[in-house]
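The values are calculated or read from the model by the stated rules, or taken from the named source; none is laboratory data. Predicted model only: the values in this text are computed from it and were never measured. A quick note on method: Cβ atoms are made from the backbone with ideal geometry, for glycine too, and the neighbour counts reach across all protein chains shown. Ligands, DNA and RNA are stripped out before the accessible areas are found, and what is left, the full protein with its side chains, is counted by its heavy atoms. Shrake-Rupley method; radii C 1.70, N 1.55, O 1.52, S 1.80 Å.
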Amino acid sequence: MSDAPPSVGWRSWRMLLVAAGAGMVFYLDRQSIAILKSTISDALSLTNTDFALLITAYMVPYTAFYFFSGRLIDHWGTRHAATVFLLGMGLATFGCALARTLPEMIAARGLLGVAESGISPSIILMMTLWFPSARRAFATTLCQAIQAIAPVLAPPVLVWLALRGDWRWSFALPAGLSIGVALLWWSCDRNPPLRKPNSANRSPSPSLGLAASVRHVFTIPALRGLILARILSDPFYFFLNNWHTGFLQEHGGWSLAEVGRWTWIPWAFVPLANIGVAVWSDRQTKRTGDAAAARARTLRLLSCLAPAAALAPFVAHQGPLVLALVTLSLLMTSCWIALSGVMVGELAPPGTIATTIGILSALSGVTSIAFNQIAGTLIDHLGYTALFVSGACLHPLAALVLWKTRHTAIRPAYA
């Protein structure tokens, strides 16, 4: 193992900025419907159960298509696949802006779910091709930190549009940005440094069928443990992202103006903390030479923040305190998504990274769909407290799974 990690060229950092742009529009699409939950519900006459159905309409195709999007990206490469997925995001989000009824919004969100299923695997595979392992966690969380500009700006900007104009502009804006980022990705994603030049950025085409690919992934014990951990923990990640502004309004009594004024704060702190966590994880990787084990250890430590979510419903009317607890909860869940994605790049066999991400995301999406669909009915009848308390138990359970699993990267830390 070398004493110092290899250098990273300017083209890699440029590609990181483009990927961050893709992540920004990805998060803008998600934040639009979450931030404007009450406004859209009033405009389309939705109950909480209807809103849960709207989330499910997005999550079902988003989850199902992960089985195919990862394999498509591994076969065609990030340049071709990511461009198509980003263009699809733009068209689907324009459809949300044009929707006048619940069925029309459901159709647009379903198409958006198909398109967005290709973004995370594209970014993770891109990081594997453009950054060495010893720099990858830092680069990934730096990318996420730049992406976090979107959720920081989203509450004040989208609420401003809704209060002073038409809420439909809150979808038209990210739609235009998606198309612009698609053109940038196509232009910049050429000849990554960790792949032979002139390879057109294609991974080896998987020769296995879908069922055989799933069986192959599950023959690797470390990947089995990671997938099970994500199956357990992902539902609370999606719950927080989709419902926390509604929780603050409906349970905590916040106005739409207060949501716009204050809910950007968690998204400003989360990426900075993510970078700190990633730097610590990279240093552990350099010290031990075992990247995947260092990531798993970091995720287990992060699960200690879970009680913050359980406490949030009991202090919902205390603005600064509940905002701090929500921030800690978002930090924990977003770090889990980022570092577990990095782990896939270190555990999966070459040429199957995006495919593995697809399998992982599809299976964890099934439990996320069930949790979030049930959430609407439970909130209508029992309120938010039960969901926050039960959801806070999921990451500690996932940490227990990681503790029971031996994680060793199949490639050297500085590969």
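Considering SER334, SER303, SER281, which residue is open to solvent by less than 20 Å² (accessible area, probe 1.4 Å) and touching a Leu at 6+ places or on another chain (Cβ under 8 Å)?
On the way: SER334 fails: touching a Leu at 6+ places or on another chain (Cβ under 8 Å); SER303 fails: touching a Leu at 6+ places or on another chain (Cβ under 8 Å).
Just one listed residue meets the conditions, SER281.
Please go through region 306-329 and pick out each residue that is of a type in the set (A, V, I, L, M), within 18 Å of the chain's Cα centre (by Cα) and crowded, with 24+ Cβ neighbours inside 10 Å.
Just the residues of region 306-329 that are of a type in the set (A, V, I, L, M), to begin with: 306, 308-312, 315-316, 321-326, 328.
Of the ones still in play, those that are also within 18 Å of the chain's Cα centre (by Cα) are 326, 328.
Passing the criteria: only VAL326.
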Touching a Gly at 6+ places or on another chain (Cβ under 9 Å), at pLDDT below 80 and open to solvent by 40 Å² or more (accessible area, probe 1.4 Å) - does that describe any residue in region 384-405? no
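Going by what's in this entry, would ILE73 be described as of a type in the set (Val, Ile, Thr) and open to solvent by less than 10 Å² (accessible area, probe 1.4 Å)?
Values: of a type in the set (Val, Ile, Thr): yes; open to solvent by less than 10 Å² (accessible area, probe 1.4 Å): yes.
So ILE73 fits the description; yes.
Can you give me the number of residues within region 26-56 that are over 19 Å from SER178 (Cβ atoms) and in a helix (DSSP H, G or I)?
Going through region 26-56 one residue at a time, the tally reaches 17.
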Among the residues of region 116-137 satisfying the criterion of being open to solvent by 10 Å² or more (accessible area, probe 1.4 Å) and closer than 23 Å to LEU28 by Cα, which is modelled with the highest pLDDT? ILE123
Identify the single condition in (1) modelled with pLDDT under 80; (2) in contact with a helix residue (DSSP H, G or I) (Cβ under 7 Å, 6 or more places away or on another chain) that PRO156 does not satisfy, given that it satisfies every other one. (1)
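Assess whether THR93 counts as being buried (at least 24 other Cβ atoms within 10 Å of the Cβ) and polar (S, T, N, Q). Break it down into steps so the answer makes sense when it comes.
Details: buried (at least 24 other Cβ atoms within 10 Å of the Cβ): yes; polar (S, T, N, Q): yes.
Spelling it out, THR93 is indeed buried (at least 24 other Cβ atoms within 10 Å of the Cβ) and polar (S, T, N, Q).
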Within region 57-80, identify whether any single residue is without any contact (Cβ under 8 Å) to a residue 60 or more places away in the chain and either touching a His at 6+ places or on another chain (Cβ under 6 Å) or closer than 16 Å to PHE171 by Cβ (or both), and answer yes or no. yes
Which residues, taken from region 240-274, are buried (at least 17 other Cβ atoms within 10 Å of the Cβ) and farther than 25 Å from THR385 by Cα? PRO271, ALA273, ASN274
